[in-house]
Ligand SMILES: Nc1nc2c(ncn2[C@@H]2O[C@H](COP(=O)(O)OP(=O)(O)OP(=O)(O)O)[C@@H](O)[C@H]2O)c(=O)[nH]1
Ligand SMILES: [Mg+2]
């Protein structure tokens, strides 16, 4: 496929087109993935998650800029529709993103969250594979740490950054969202705001309590993304984490888990689609209505529909 060759050369228009294809999820996208997949697996994939407005996009821009200064190339996928990358930004963010826009060593793409959330996770994973295969040294994924799906997407990274901001209750929120477990590096952004040291302290105490169990204790890094302050330290922590993964042979384990997640997702979906095709959308819809009106419970309904598969064939 000609498109595949252009992707492997990091042709920007080919990449944009390919990501649209995986978003729409057709046969062409599967063929594409089949061809590029052997070329992926080289990039350091970094997830950036945290509450809305905590400065993730600003940080992502700064991280990209720092890596570019080292001569490394960066692909960026933003999974939040309200992200500055989609154009909903304040003027300052637009200006900052424009600095990156002229640079051919950076590719930025936001993922439309149309369709099901499961579809979004799949499309994001595929987009990351495309950027990885295109040869970007680093692939950054920005998600809003709001729901399980976003956390799942972040979890598919090698290194996950959880961004917090100073203020009472943030650390409690982090635990609630299950972000504590997925963080490899904590970032307390907006360090120009009051209360930053309390937040750092609270996070550090909590991390110390957890640290006995694992060989990597997430560092807590203070940043002012707006001015690029602390971003060099942050990059260092990210590189340290990568070195740790390599040193501990943890990379293979991680890659195995990622592969298992993706394979499971694809199989689950194929199974469902095949089953649905056999049942027929009308019968499925009828049953949905019966469950909705409490004429039948979802367990019995599923059993009935799934038995009909064997009866019909
Ligand atoms: N004071 C201050 N403001 C910041 C800092 N970093 C980012 N901001 C501002 O915070 C606002 C939100 O920043 P974004 O980078 O869009 O945050 P985000 O987390 O990507 O937001 P969503 O994608 O909408 O969840 C913007 O107005 C930024 O300019 C910082 O270190 N200090
Ligand atoms: Mg954003």
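The values are calculated or read from the model by the stated rules, or taken from the named source; none is laboratory data. Because the structure is a prediction, the values reported are computed rather than measured. Ideal geometry is used to build each Cβ from the backbone, glycine not excepted, and the neighbour counts take in all protein chains shown.
See the values below:
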read-out: Single match in 10, 18, 29 (criterion: in contact (Cβ under 8 Å) with a residue 24 or more places away in the chain and in a loop (DSSP other than H, G, I, E, B)); value: 10
read-out: Any hit, segment 41-55, residues being in contact with a helix residue (DSSP H, G or I) (Cβ under 9 Å, 6 or more places away or on another chain) and assigned to a helix (DSSP H, G or I); value: no
read-out: Candidates 192, 239, 233 - the one that is farther than 22 Å from residue 142 by Cα and either surrounded by 13 or more Cβ atoms within 10 Å (Cβ to Cβ) or assigned by TED's automatic domain parsing to the domain that holds residue 160 (or both); value: 192
read-out: Segment 263-283, residues that are farther than 21 Å from residue 27 by Cβ and exposed (fewer than 14 other Cβ atoms within 10 Å of the Cβ); value: 264, 280, 282
read-out: Test: residue in segment 45-53 that is more than 16 Å from the chain's Cα centre (by Cα) and either modelled with pLDDT under 90 or within 16 Å of ligand 1 (Cβ to nearest atom) (or both); value: yes
read-out: Residue match in segment 267-274 (condition: without any contact (Cβ under 8 Å) to a residue 12 or more places away in the chain and within 21 Å of the chain's Cα centre (by Cα)); value: yes
read-out: Residues of segment 211-266 satisfying the condition of being touching a strand residue (DSSP E or B) at 6+ places or on another chain (Cβ under 6 Å) and in a helix (DSSP H, G or I); value: 233, 234, 237, 238, 241, 242
read-out: Condition broken by residue 52, with the remaining ones in (1) assigned by TED's automatic domain parsing to the domain that holds residue 78; (2) within 21 Å of residue 138 (Cβ to Cβ); (3) surrounded by fewer than 18 Cβ atoms within 10 Å (Cβ to Cβ) satisfied; value: (2)
